[in-house]
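Asks: The structure's right below; bear with me while I get my questions together.
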Amino acid sequence: MATHDYIQIQASPKEGEGRADFGPGQIVRHQLFGYRGVVFDVDAVFMGTEDWYLKVAKSRPPKDKPWYHVLPDGSDQTTYVAEQNLRPAEVLSPIQHPLVESHFDRFENGEYRSVHSPH
């Protein structure tokens with residue numbers, strides 16, 4: 001996997017926390033559910049509610065690792081996914097989602113880019 005400095009975020013310096021493996025614009029695949037999507041935001045640690053975590057995060061992924069806001073391909077929903085459940089996508093074609101243009105202005109070299117992106 002190529003490392004891009006613009007997609008590396010420093011998580012809180014607490015013990016056990018580290019860097020995000022993915023960043024905005026990167027195409028990913030959900031390991032459990034198999035869908036592809038594009039990351040549009042990253043939280044260094046879980047930022048949802050305890051109620052949501054208990055109801056939705058059935059695999060109980062760690063809260064002290066990065067979590068990602070993802071636009072799933074072929075959907076109009078957004079997802080909030082723990083890092084342990086994401087992998088780099090093998091297919092790097094564009095994502096079909098109505099909010100892609102709200103977050104990114106171009107697709108090049110298998111990633112989405114924004115006018116706000118440093119690259």
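Asks: Hey, with R₀ at 22 Å, roughly what FRET efficiency would Q77 and S114 work out to, going by the Cβ-Cβ distance, to 0.05?
Replies: It comes out at approximately 0.55.
Asks: How far, in nm, would the chain grow between K63 and R19 when pulled straight, counting 0.36 nm per residue and subtracting the alpha carbon separation? Show your work: numbers first, answer last.
Replies: Numbers: separation 44, 0.36 × 44 = 15.84 nm, distance 1.37 nm.
Separation in residues times 0.36 nm, less the Cα-Cα distance, equals 14.5 nm.
Asks: When the dipole is taken about the Cα centre of region 49-112, and only Lys, Arg (+1) and Asp, Glu (-1) are charged at their Cβ, what size is it in debye, to the nearest 20?
Replies: The dipole magnitude comes to about 400 debye.
Asks: Now a separate question. Leaving out ligands and nucleic acids, note down the accessible area per residue over region 37-86 with a 1.4 angstrom probe, in whole Å². Mind showing how you got there, number by number?
Replies: Values: 2400 Å² over 50 residues.
Computed with neighbouring chains in place, this is 48 Å² per residue.
Asks: What are the equivalent ellipsoid semi-axes of region 79-118, built from the alpha-carbon gyration tensor (square roots of five times its eigenvalues), in whole angstrom, biggest first?
Replies: 19, 13, 11
Asks: Sticking with this structure for a sec: How far apart, in nm, are two points set 7 Å out from the Cα along the Cα-to-Cβ line at T49 and at S93?
Replies: Taking the two extended label points, one gets 3.9 nm.
Asks: Same structure, new question: Please express the shape of region 48-119 as an equivalent ellipsoid: the semi-axes are the square roots of 5 times the eigenvalues of the C-alpha gyration tensor, given largest first in whole angstrom.
Replies: So the three semi-axes of region 48-119 are 26, 13, 13 Å.
The values are calculated or read from the model by the stated rules, or taken from the named source; none is laboratory data. Quantities reported herein were computed from a predicted structural model and do not represent experimental measurements. Neighbour counts are summed over all protein chains in view; Cβ atoms, including those assigned to glycine, are modelled from backbone coordinates with ideal geometry. We work out accessible area using only protein heavy atoms, side chains counted, and drop any ligands, DNA or RNA first. Shrake-Rupley method; radii C 1.70, N 1.55, O 1.52, S 1.80 Å.
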